[in-house]
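Structure first, then comments.
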Amino acid sequence: MRVLLVNDDGVYSQGIQTLRATLEERTGWEVYVVAPDRQRSASGHAITLHKPLYLDPVEIPGARSPVYAVSGTPADCTKIGLLAVLPGPCDLVISGINRGGNLGFDVLYSGTVSAAIEGVIMGVPAIAVSLAAWEDPDYGPAAEFTARLAELVAREGLPPGVLLNVNVPPLPAERMAGVALTVLSRRMYRDRFEKRLDPRGRPYYWLAGEPVQEPPSVETDVGAVRAGYISVTALHLQLSDRQTMARLEAWRPQLEAGLGTAGGLGAAGRAQVRPEA
């Protein structure tokens, strides 16, 4: 079993190193760590195209696994790990453990989740895991849970195009309420930009804000974590909305008004989109 560990907090972060050590002790798997050389949170799914990537081995005291630092984004780490570091096929990508939750719409900005998505794009099952804590985080319970989940994924597999997004509450294992299988919440923020002046008097802006509180429900990832549950959400990369696409068929005559069919699909070649049953 060959596993790639990536993250967005950086190669020296406590979260990824705790997870590495836990997997080494528990599973005996072949583990590789390929992570950014510095903090890369909220970098989303950016990849590096217009400058070189540097890949440097890193010495971590006590590590039995190869560890590398990458001068790029979390998604870069997954790509270069799978294509240039691992000596053969990868069985599982795990991204994390992130410091702070990745809940609701946060997954669209998250480098942690994006690194796992890149694994799925490249055909490898993936898990993204975050600890919903900022102050004095204890990654031990999240690492133990992730190892158990990884063993299940290794044995049972995941459907193509699916990853698991895990958020762990900042509690000792014995105080956790259980595991909740959740959907993404509609977590929104009251964003604002604070205007400040640099030492030369030039104005700059700093993004600030706070999450909008929503009604608690353990059916959502935010509600579950608040209630002390470990949230596990299955995310699918198929973003196409077939139901709406089927409705758009009624718009086609107006959309095609004035267009010729010589270079297009024509009536015979048009794909008929139907909502999934």
>> Please return the ranges of strands (runs of 3 or more DSSP E) entirely within the stretch 168-256 where 3 or more residues are under 27 Å from Ala142 (Cα atoms), at pLDDT 95 or above and touching a strand residue (DSSP E or B) at 6+ places or on another chain (Cβ under 8 Å).
In response: 178-181, 229-236
> Do we find that Gly101 is assigned to a loop (DSSP other than H, G, I, E, B), within 16 Å of the chain's Cα centre (by Cα) and surrounded by fewer than 19 Cβ atoms within 10 Å (Cβ to Cβ) in this structure?
Replying inline: no
> For the stretch 13-49, how many residues are without any contact (Cβ under 8 Å) to a residue 12 or more places away in the chain and either under 15 Å from the mean Cα position of the chain (by Cα) or under 18 Å from Tyr139 (Cα atoms) (or both)?
Replying inline: 1
> Given the residues Leu164, Leu149, which is the only one that is assigned to a strand (DSSP E or B) and under 25 Å from Pro36 (Cβ atoms)?
Replying inline: Leu164
> Given (1) modelled with pLDDT of 95 or more; (2) part of a helix (DSSP H, G or I), where does Ser95 come up short, assuming only one miss?
Replying inline: (2)
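Considering each of Val153, Val129, Val124, Val162 in turn, give the residue that is of a type outside the set (D, E, K, R), surrounded by 24 or more Cβ atoms within 10 Å (Cβ to Cβ) and within 27 Å of Pro89 (Cβ to Cβ).
Working: Val153 fails: surrounded by 24 or more Cβ atoms within 10 Å (Cβ to Cβ); Val124 fails: surrounded by 24 or more Cβ atoms within 10 Å (Cβ to Cβ); Val162 fails: surrounded by 24 or more Cβ atoms within 10 Å (Cβ to Cβ).
None of the others qualify; the one that does is Val129.
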>> Give me the strands (runs of 3 or more DSSP E) completely within the stretch 7-71, filtered to those with at least 1 residues that are open to solvent by less than 20 Å² (accessible area, probe 1.4 Å), of a type in the set (Val, Ile, Thr) and within 22 Å of Ala84 (Cα to Cα), ordered by residue number.
In response: 30-36, 67-70
> Of all residues in the stretch 109-119, how many are assigned to a helix (DSSP H, G or I) and touching a Gly at 6+ places or on another chain (Cβ under 7 Å)?
Replying inline: 3
>> With the structure loaded, tell me whether Pro74 is of a type outside the set (Val, Ile, Thr), in contact with an Asp or Glu (Cβ under 6 Å, 6 or more places away or on another chain) and modelled with pLDDT of 95 or more or whether it fails that test.
In response: yes
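The values are calculated or read from the model by the stated rules, or taken from the named source; none is laboratory data. This one's a predicted model, so the numbers in the text were calculated from it and none came from an experiment. All Cβ positions, glycine included, derive from the backbone under ideal geometry; neighbour counts span all protein chains shown. What goes into the accessible areas is simple: the full protein's heavy atoms, side chains included, and nothing from ligands, DNA or RNA. Shrake-Rupley method; radii C 1.70, N 1.55, O 1.52, S 1.80 Å.
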